[in-house]
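What follows is a short report on a single structure.
What follows is calculated from the coordinates using simple rules that are stated; it is not laboratory data. These numbers were taken from a predicted model, which means no experiment stands behind them. All Cβ positions, even for glycine, are placed from backbone atoms using ideal geometry, and neighbour counts span all protein chains on display.
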Ligand SMILES: [Zn+2]
């Protein structure tokens, strides 16, 4: 008989919106209905994969873990290596060799130092997979495997064993039926026979892959969700028959949601037209130098703007030009030096402080922009990298922020219920690490996360009130707002956008 011990199997569905579950994912829907589930489980800003995963896998928000965007300009690095591209393992390795890329201890580190294992099987990009457990080769018995590129698996011994059975894995096609299936095949044909690890991540790349390719409600994306549900059914059947009795906690989650691309706008060309010398991440990789230009601009919907000479004159001129563009949505800057976390205005007058949304960081851009979007319709404007009608995310629309979390297992108190307390990825991570007994030895690994233990599900709940707040900022005719909810000492962002009438017709039409 297997000894009962607390372990976790966490099944991730990348980019799954909670409102897309019931129709296409009956098994997941039924599991959630009998589990602890949160109706305000919130992704962090920017609502991008490479920003949210380090929160899920560390218990810290981006202002502490340091992955401030899917792609960013890292001024700590020499210019030819200065672009961080989250989807690229070589970019991650180059940066991690030179600077501490993830600046906090991760779930994988804490498990490894405690003599326990984290085993990741993921159907996102190879870079996304790597960031779920960046140092899997440092600890015995750990695994980091991308089913689309098994050749990049850590450690080498696991790479060879997996290659012998599955070659280099499966190519990414849309929908990613093959990747979804291989995640569960490796779980059943490799992980379970060798003995389940302490924490196992089964991360399915759908419906994110297909949402970006076809759109959130396209029939092919619905097929992708159905296939993900069938894969989950295999895991759930095993858990119900066996895992649950052996002390395995089963969690299902998503990292962020999706909005709908409804119009294109080329912000780079517009700024060049206004007289700025603007270069992109691609330009930097091709050898162009920041010092020969005015602005490094990275992103296509939520964008970072790093000025070569961030003087007050330059910043205010750029701010005014951005604010005059109808297609620009929110504008943020880093907090003023010495300011408190609750200063609404950032270093650039009239823009929100990134500290309000837990994304302020030394690596952050001088100005960050989210292109115009509409919280009511869930539609957004961005550059031409994704087609009209497809899905994208990165801003503060409720459809981008609202994510899935549901958990069940003997460490979570009966009765299972819907929790109305706001919660985020850092809270979930802290709760997993606490239940795994990883946080007793503070001196071995500091700093400690300041996230919230999800006591509403594990017991010891303190009665706290939710306080909603709306922060607004106006500069001339430009107005923007952020909605937050305070819960005890914890603050969560629930929505944000540019305010006022919008003349972009496509943003205002409903689906
Ligand atoms: Zn994602």
Coordinate range along principal axes, alpha carbons of region 312-354, Å, largest first: 31, 21, 10
Tilt relative to the chain, helix 312-323 - C-alpha long axis, 0 to 90 degrees, to 10: 80 degrees
For the chain, the fraction of alpha-carbon pairs in successive 10 Å shells from zero, as %: 4, 20, 31, 27, 14, 4, 0, 0
Order by protection proxy (mean Cβ within 10 Å, highest first), peptides 363-370, 148-155: 363-370, 148-155
For region 275-349, projected area of the alpha-carbon convex hull averaged over all directions, nm²: 5.9 nm²
Ordering of 377-383, 101-107 by packing [mean C-beta count within 10 Å, highest first]: 377-383, 101-107
Helix 425-435 vs. the chain, principal-axis angle (Cα, 0 to 90°, nearest 10): 30 degrees
Cα centroid of region 403-442 to Cα centroid of region 131-160, whole Å: 26 Å
Estimated [θ] at 222 nm from DSSP helical runs (n ≥ 4, -39500 (n - 2.57)) normalised by residues in the chain, nearest 500: -7500 deg cm²/dmol
Highest average packing first - 159-172, 36-49, 298-311, 240-253, Cβ atoms within 10 Å: 36-49, 298-311, 240-253, 159-172
